[in-house]
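Notes for the one structure printed next.
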Amino acid sequence: MVQVLTDLDLVISKSYICSDGGWLMDVFHVRDQLGKKITDETLNLYIQQELCDTRRRGGVPKELQTCHKRKLRPCHISTEHTALEITGRDRPGLMSDISAALYELGCHITAAVAWTHNGRMACIIQVEDGLKGGPIMVQKRLALVQEKLESVVEGHHENGDKRSVLLAAPAADRTHTERRLHQMMYADKDYEPCQGCDGSCRHWNGCKKTHVTVETCKEKGYSLVNVRSRDRNKLLFDTVCALTDMQYVVFHAAVSLKGSMANQEYFIRRQDGCSLVSETESRKLAQCLVAAIERRVSHGVRLDICTENKMGLLWYLTRVFRENGLSITRTEIGTHGERASGCFYVTDASGNDANPRTVELVRQQIGGSVLVVNKCPNSSLSVSRSSGEMEERPRFSLGNLLWSQLERLTSSFGH
């Protein structure tokens, strides 16, 4: 359900979740990206249909895109192209090397999404045959593409360092791209260095770091997970992805805001019905939630690009960044007919802020339409506050506010 709302670029400002005894009652307060109420009846109908039919995973229909007079970015891997999944150690120029290799092999990149976190990189690239169009069907050529990319990725790896280049299966057309990136980075164990705040800060309410606590609620048979972090785009989606992919079931939850900070509270069990039983399991869950929240936090200067769609475009763009000493920390680019658009977050080679003069030089070299956003804000969020909301609202606590009502609603159901 969160995925449906997120794919429509809706802002979830508040949420209450109750699921027990085979019944659910979930409430989402949503607005559009401008903070306005959703009044489009076509959109409202689509949301109702999607939330009532969890089997549908085909993305936003073209009719709805036309109604909104804009192109919503593709959220799912498509069978119309060949999908490549790559993970490994991050390094300056890696995306440039990957896109150059694909260009040399006659592959046209139609879409690419890449994340970096804790020195690791994960990307999903969709390509088509540069001459014939459509997916690459010849197995010998696919094997050549995979072999070439593996040599590029492992070129700067140390012995024993994990890396992977996979051709996504044809059935992967219903795979959600961003959720898949979370799964890839989790499998790559990018969470291991994550600690969040160690709890030693003296002013917990004033700390801007990510706080995750895991406690046992013995009387209810749940594990209680509290997450406090900076509010930002798609925060709820990322947190729920982590819990779901780690095989935890959310029975009750509440999401709210206090100033620029988001508070999330979850009552969970493992899929076998048990709460978390060990300190090691609780520590790993906390690390993974911190990682899920940090992965999308963008570092560096953002450049929004709209230009002509042509063979080798991503190679050209990444080469310009590389030649000017810029490193890509995150990217998302796609093609729509004769146009290509997307965004890049760049830093200098050391991970520091890029020199404004260098960014301006890059903008001039790229041409087309390039909008430079000087600094990526940490808010503008999928768990977000409206301009008229009080910042000093007391922190919502499911345990304090909803348990009596939820017990009344579920007392007739078996636990």
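All conditions in (1) open to solvent by less than 20 Å² (accessible area, probe 1.4 Å); (2) within 19 Å of the chain's Cα centre (by Cα) hold for Ile328, with the sole exception of (1). Pick from segment 83-133 the residues that are polar (S, T, N, Q) and within 25 Å of Glu294 (Cβ to Cβ): which of them is surrounded by the most Cβ atoms within 10 Å (Cβ to Cβ)? Restricting to residues being polar (S, T, N, Q) and within 25 Å of Glu294 (Cβ to Cβ), the top hit is Thr116.
For segment 33-53: of the residues being in contact (Cβ under 8 Å) with a residue 12 or more places away in the chain, out of contact with any Pro (no Cβ under 8 Å at 6 or more places or on another chain) and of a type outside the set (A, V, I, L, M), which is most open to solvent (accessible area, probe 1.4 Å)? Among those residues, the one meeting the criterion is Gln33.
One line per residue, one yes/no per condition, for (1) at pLDDT below 50; (2) in the same structural domain as Leu105 (by the TED database); (3) more than 23 Å from the chain's Cα centre (by Cα):
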{"site": "Arg319", "(1), (2), (3)": "no, yes, yes"}
{"site": "Asn324", "(1), (2), (3)": "no, yes, yes"}
{"site": "Glu338", "(1), (2), (3)": "no, yes, yes"}
{"site": "Glu360", "(1), (2), (3)": "no, yes, yes"}
{"site": "Val383", "(1), (2), (3)": "yes, no, no"}
{"site": "Glu407", "(1), (2), (3)": "yes, no, yes"}
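Can you find a residue that is open to solvent by less than 20 Å² (accessible area, probe 1.4 Å), more than 26 Å from Gly196 (Cα to Cα) and touching a residue at least 40 places away in the same chain (Cβ under 8 Å) anywhere in segment 299-307? Looking through segment 299-307, at least one residue is open to solvent by less than 20 Å² (accessible area, probe 1.4 Å), more than 26 Å from Gly196 (Cα to Cα) and touching a residue at least 40 places away in the same chain (Cβ under 8 Å).
Table: residues versus (1) out of contact with any helix residue (DSSP H, G or I) (no Cβ under 9 Å at 6 or more places or on another chain); (2) buried (at least 19 other Cβ atoms within 10 Å of the Cβ); (3) within 30 Å of Met121 (Cβ to Cβ).
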residue: Cys241; (1), (2), (3): no, yes, yes
residue: Ala262; (1), (2), (3): no, yes, yes
residue: Ser275; (1), (2), (3): yes, yes, no
residue: Asn309; (1), (2), (3): yes, no, yes
residue: Gly334; (1), (2), (3): yes, no, yes
residue: Ala340; (1), (2), (3): no, yes, yes
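Of the strands (runs of 3 or more DSSP E) lying entirely inside segment 1-105, those containing at least 2 residues that are hydroxyl-bearing (Ser, Thr, Tyr), modelled with pLDDT under 90 and touching a strand residue (DSSP E or B) at 6+ places or on another chain (Cβ under 9 Å) are 11-20.
Of all the numbered requirements in (1) under 30 Å from Val227 (Cα atoms); (2) of a type in the set (Val, Ile, Thr); (3) in contact with a helix residue (DSSP H, G or I) (Cβ under 6 Å, 6 or more places away or on another chain), Thr280 misses one, and that requirement is (3).
The values are calculated or read from the model by the stated rules, or taken from the named source; none is laboratory data. Note that the structure is predicted; figures quoted are calculated from it, not measured. Ideal geometry is used to build each Cβ from the backbone, glycine not excepted, and the neighbour counts take in all protein chains shown. Ligands, DNA and RNA are excluded from the accessible area calculation, which covers all protein heavy atoms including side chains. Shrake-Rupley method; radii C 1.70, N 1.55, O 1.52, S 1.80 Å.
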